[in-house]
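What follows is one structure encoded as structure tokens, with my remarks underneath.
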Amino acid sequence: MNRRFATVLLLASATTLAACAKKAPEELPPPPPSATDSGPATPQAVTPSGPQVGSQAHFEDAVNGQNVIFFDTDRFNIDSADAAALQTQAQYLARYPQVRITVEGHADERGTREYNLALGERRANAAKNYLVSLGVDASRVTTVSYGKERPVALPSNAQAWAQNRRAVSVVIN
């Protein structure tokens, strides 16, 4: 009885597999055109080049890398250079209303962790408030402070400190 069952099972499996076999198409597709073929040229689909709209790369390209503003020691005021950069960002945000950003506030390594977190928050909020004053909807801009936790320059000198006292606008995906 066991052998008969095994034989029937084997025949059923073989029949099922044979039914799944691929069949040759009735008509084959034409061969690809050769380099010597002088037939009419078919237009190629044009794909846009460059970064995708609404990405961080697109944002940075559009604002000419002015997504970072810098501050003096223990300051969070927006100077004329910062204002120009933020105006460029506001123009981008007006053109692409679906884009949202986070403004990251940073500080240099000097001072306590708590002081630098508070200073980073004031810097991020200063940038956000300026963008809002230029017509950007406040709900499209969030802020976060990293204090001294995410430096871009590691040496412990005045030049590095100046690079780390910043607010960075980052696109939210």
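Read-outs: derived from the displayed coordinates by stated rules, not from any lab. No experiment lies behind these values; they were computed from the predicted model shown.
A few points about this structure:
- Compared with the alpha-carbon gap, the fully stretched path from Arg75 to Ala158 is longer by 28.4 nm at 0.36 nm per residue.
- Annotation: amide H-H contacts under 5 Å for Arg100 (H modelled 1.01 Å from N, sequence separation of 5 or more, or interchain): Ile172.
- Our note on the geometry: Cα centres of the stretch 139-164 and the stretch 97-118, 7 Å apart.
- Tail fraction, Cα-Cα pairs, the stretch 56-172, threshold 25 Å, whole percent: 18
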